[in-house]
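First the structure, in the form of structure tokens, and then the observations on it.
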Amino acid sequence: MKFLNKNVYTFIFLLLFLSFSRGQSVNSSNNKTLQDSVPQKSLDEILVSAVRATEKTPMAFSNLDKRDLAKRNLGQDLPSLMNFMTSVVTTTDAGNGIGYSGIRVRGSDATRVNVTINGIPYNDSESQGTFWVNMPDFTSSLENIQLQRGVGTSTNGSAAFGASLNLLTDQTSKSAYGSVANSFGSYNSRKHTVKFSSGLLDNSFELSGRLSEIRSDGYIDRASSNLKSYFLQGSFIYKNALIKALAFGGDQVTYQAWNGLEDPEMLLHNRTFNTAGLYYDADGNQKFYANETDNYKQDHYQLHWNQKWTSGDAGVFSTNLAFHYTKGFGFYENYKANAKLSEYDIAHIVVDGQEVSRTDLVRLKFLDNHFYGLTFSGNYQSKKVDLVFGGAANRYEGDHYGQVKWSKEAVLTEPNQQYYFDTSVKNDVNSFVKINYQIHDKLSLYGDLQYRYVSYDANGLNTGLVQDTFHFLNPKAGLNYQMDLNSALYFSYAKGQREPNRTDYENGSPKPEVLNDFELGWRYASDRSKYNVNVYYMRYKDQLVLTGAMSDVGAPLRENSGDSYRLGIELDAVVPLLPKVFWNPNITLSSNKNVNFKAAIDGAIQDLGNTSIAFSPAVIASNTLMYIPVQGMNISLLTKFVGSQFMGNTDAAVSKLDSYYTNDISFNYTLPCKRLIKSIVFSLLLNNIFDVKYNSNGFYYTYDDNWTQPNAVKTMEGVGYYPQATFNMLGGVTFNF
């Protein structure tokens, strides 16, 4: 099927977007009135109040609650459920949203999206990435999420250079409940979840939990996933205090699918082909290593004390103190054909008079890490002042080591022979204070200042000796003008600074990066409709942009680009078209450029002028059309368009990733019941209903070739792609007790 080109689609989308429609009420949560009273937060909300934005915060953000997430929560990772949020692009290695998944916001990759769970950092300290595969079905234990685009408000952990994602886990339940959810779908995918809560016992104690298992063969060949997870929470409430203890984690085994597909012929005729584990036997027959897998187990422990100290018209003062510990351990296993023995610290041997310097072998690479620390915050609210202060002190300790498990030739001197051992320690301390001050009835002033100290020490085969220390001071300020009961204007400036990650050190001498973020927006919310318009200008110094190349384990490589910027406009709305039809569109139009970008081409440094930043499409659009025929039933058409993008920073034609346009259908029906079963929820998700063959991600690399002419260097190019699933489906049934 041939789809509309980018310009035509953009024109139609904008035309529809700007055609404001009239209709019935959308949701009572959109109703907005001016309040003189001091706002009240639940004890659970105190967990994230220090890192959350409100309607008076002069920055762009979007919220999803557990009802929004539940509609499509049939086994796919959280990024897939966020796919239709403003400025968001998602991708998965296995092609069907189960396993390794990634997210980009405003063109910034996952290492630049700061993620917190109940205010505690989740990003891996060294890679700065977020690995949702390590927490399968975590969505089933979420109360709500907030995605702040741009620098956002001050938070704990690494600075946000694309967005901040704040996750709040299940709130304390007053009533006992239980649920059993099962879903099945394409590629032998299935999810099984059991949840329970004791309800508040003696109005003081609650115990709740979840067990989940997810399995899938994946769209890509052998891209299987075997995922298990748990969530356990104990709550104690006494007067104005809430103490929560949480333990959650996951255990995942996935067959590797991070190689992508480089062969154009394969992409056309065998797009699910997976090169991972590929080798040839003595007779030249193509084989695949059975255990080319990634194995990782991660356990999280959190202890929170939330306390309201004062309340009433004089103001509300509350605090949160939290301690946390995360233990991670895992490895991935690779078959390496014709590997150099010298790279594995193995001596050459002589066989039948011939020196053996290469052989086939199986290697294991391990990661054993600990992450622990504390966070704290205080919040004072009165009629005119909303003051938040807080901070965190965290430490990461990680060991990286490798072993050779097997070799074709008898070159090993011991079983599981070790060939490297790297250590790393990272300390991260921050403090912040922010205030929203109501100057008069319509105008409020926002101020925010964060100080962050980072020290990173590593000693490894690939990193060498690293001893770096950073001191970052990040100011933010803005104004919010309430035009009337329904609409407001805002403007803000925010500065962000962040350190390089481990992979950056492995590939050179990186510099820290600096971002100056300007946001100008308009919000409108009534009981009938909701509109948001936001213009942003993000100016970077030494931005660590993706080069397009990948490491041998699928990690994206980055480099400092000097000066660069992202300039864009974001529009989103909630509009009732008819009494039973609701429309939720969003679109982002942007220009993302490296300024006076220089690159080595054909053996010489060339100034390419302004070039496009890698993986930054100029158009990102989503559209949800929801029909509610009867109470308890909803049917939604979900549309996603992502414009073309370059996979490198040189605007090379071969590095262009084509635009794509997909459509999904979501169906949910809640059947109320009596007695033991309270309700039965039926869910169906039809993905990519027009069977589009598209690639949401890829890679681009260059290398020097000097064999064509003596003393001449020619820059050669290579590309690869990550094909996504064609038409597929998931269906599920949930029994609520």
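Side notes on the structure shown:
- Count of region 591-601 residues which are of a type outside the set (A, V, I, L, M, F, W, C) and buried (at least 21 other Cβ atoms within 10 Å of the Cβ): 2
Residues checked against (1) of a type outside the set (Val, Ile, Thr); (2) in contact with a helix residue (DSSP H, G or I) (Cβ under 7 Å, 6 or more places away or on another chain); (3) surrounded by 15 or more Cβ atoms within 10 Å (Cβ to Cβ):
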| residue | (1), (2), (3) |
| --- | --- |
| 636 | yes, no, yes |
| 648 | yes, yes, yes |
| 658 | yes, no, no |
| 664 | yes, no, yes |
| 695 | yes, no, yes |
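- Lone qualifier among 433, 411 - being in a loop (DSSP other than H, G, I, E, B) and either surrounded by 15 or more Cβ atoms within 10 Å (Cβ to Cβ) or at pLDDT 95 or above (or both): 411
- Residue within region 48-64 that is touching a residue at least 40 places away in the same chain (Cβ under 8 Å), within 22 Å of residue 695 (Cα to Cα) and part of a loop (DSSP other than H, G, I, E, B) present: no
- Counted residues, region 561-589 - those being within 30 Å of residue 126 (Cβ to Cβ), within 22 Å of the chain's Cα centre (by Cα) and either exposed (fewer than 15 other Cβ atoms within 10 Å of the Cβ) or not aromatic (Phe, Trp, Tyr) (or both): 1
- The condition of being at pLDDT 95 or above and either charged (D, E, K, R) or surrounded by 19 or more Cβ atoms within 10 Å (Cβ to Cβ) (or both) does not hold for residue 427.
- Qualifying residue in region 207-223 (condition: in contact (Cβ under 8 Å) with a residue 40 or more places away in the chain and surrounded by fewer than 15 Cβ atoms within 10 Å (Cβ to Cβ)): no
- Filter result for residue 446 (crowded, with 18+ Cβ neighbours inside 10 Å and closer than 19 Å to residue 128 by Cα): no
- In region 480-496, the residues that are under 17 Å from residue 446 (Cβ atoms) and touching a Ser or Thr at 6+ places or on another chain (Cβ under 7 Å): 480
- Any hit, region 390-400, residues being farther than 19 Å from residue 293 by Cβ, at pLDDT below 95, of a type outside the set (Lys, Arg) and outside any strand (DSSP E or B): no
- Of the residues examined, residue 193 is one that is β-branched (Val, Ile, Thr), out of contact with any Pro (no Cβ under 7 Å at 6 or more places or on another chain) and assigned to a strand (DSSP E or B).
- Subset of region 312-368 [under 30 Å from residue 135 (Cβ atoms) and hydrophobic (A, V, I, L, M, F, W, C)]: 321, 322, 323, 329, 331, 362, 364, 366, 367
- Residues that are closer than 30 Å to residue 667 by Cα, modelled with pLDDT of 85 or more and not small (Gly, Ala, Ser) within region 31-74 comprise 61, 63, 64, 65, 66, 67, 68, 69, 71, 72, 73, 74, listed in sequence order.
- Residue 670 among the polar types (S, T, N, Q), touching a Ser or Thr at 6+ places or on another chain (Cβ under 9 Å) and surrounded by fewer than 19 Cβ atoms within 10 Å (Cβ to Cβ): yes
- Here the condition is being at positive phi and within 27 Å of the chain's Cα centre (by Cα); of 353, 373, it holds for 373 alone.
- Of residues in region 356-401 being over 26 Å from residue 303 (Cβ atoms) and touching a helix residue (DSSP H, G or I) at 6+ places or on another chain (Cβ under 8 Å), the one surrounded by the fewest Cβ atoms within 10 Å (Cβ to Cβ): 357
- Of the candidates 644, 683, 655, the single residue that is under 22 Å from residue 192 (Cα atoms) and within 25 Å of the chain's Cα centre (by Cα) is 683.
- In region 161-204, the residues that are closer than 23 Å to residue 237 by Cβ and of a type in the set (A, V, I, L, M): 167, 168, 176, 200, 201
- Evaluation of residue 613 against (1) surrounded by fewer than 22 Cβ atoms within 10 Å (Cβ to Cβ); (2) touching a strand residue (DSSP E or B) at 6+ places or on another chain (Cβ under 7 Å); (3) touching a residue at least 24 places away in the same chain (Cβ under 8 Å) (one fails), failing number: (1)
- Matching entry among 141, 108, 158, 127 (being under 30 Å from residue 368 (Cβ atoms), in contact (Cβ under 8 Å) with a residue 40 or more places away in the chain, surrounded by fewer than 24 Cβ atoms within 10 Å (Cβ to Cβ) and among the small types (Gly, Ala, Ser)): 127
Residues are listed down the side, and each one gets a yes or a no for (1) surrounded by fewer than 20 Cβ atoms within 10 Å (Cβ to Cβ); (2) within 28 Å of residue 582 (Cα to Cα); (3) polar (S, T, N, Q); (4) at pLDDT 95 or above:
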position	(1), (2), (3), (4)
603	yes, no, no, no
609	yes, no, no, no
645	no, no, yes, yes
682	yes, yes, no, yes
687	no, yes, yes, yes
690	yes, yes, no, yes
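- Tallying residues that are assigned to a loop (DSSP other than H, G, I, E, B) and at pLDDT 95 or above within region 200-222 yields 6.
- Condition broken by residue 504, with the remaining ones in (1) charged (D, E, K, R); (2) under 25 Å from the mean Cα position of the chain (by Cα); (3) in a strand (DSSP E or B) satisfied: (3)
- Number of positions in region 191-240 that are touching a Lys or Arg at 6+ places or on another chain (Cβ under 7 Å), closer than 30 Å to residue 722 by Cα and among the charged types (D, E, K, R): 2
- Residue selection: residue 459 satisfies the criterion of being surrounded by fewer than 18 Cβ atoms within 10 Å (Cβ to Cβ), free of Cβ contacts under 8 Å to residues at least 60 places away in the same chain and among the polar types (S, T, N, Q).
- Tally, over region 336-347, of residues that are surrounded by 13 or more Cβ atoms within 10 Å (Cβ to Cβ) and either in contact with an Asp or Glu (Cβ under 6 Å, 6 or more places away or on another chain) or not in a strand (DSSP E or B) (or both): 6
- Residue in region 642-653 that is in a strand (DSSP E or B) and among the hydroxyl-bearing types (Ser, Thr, Tyr) present: no
The values are calculated or read from the model by the stated rules, or taken from the named source; none is laboratory data. For clarity, every value in this text was computed on a predicted model and none was experimentally measured. We place every Cβ from the backbone using ideal geometry, glycine too, and count neighbours over all the protein chains shown.
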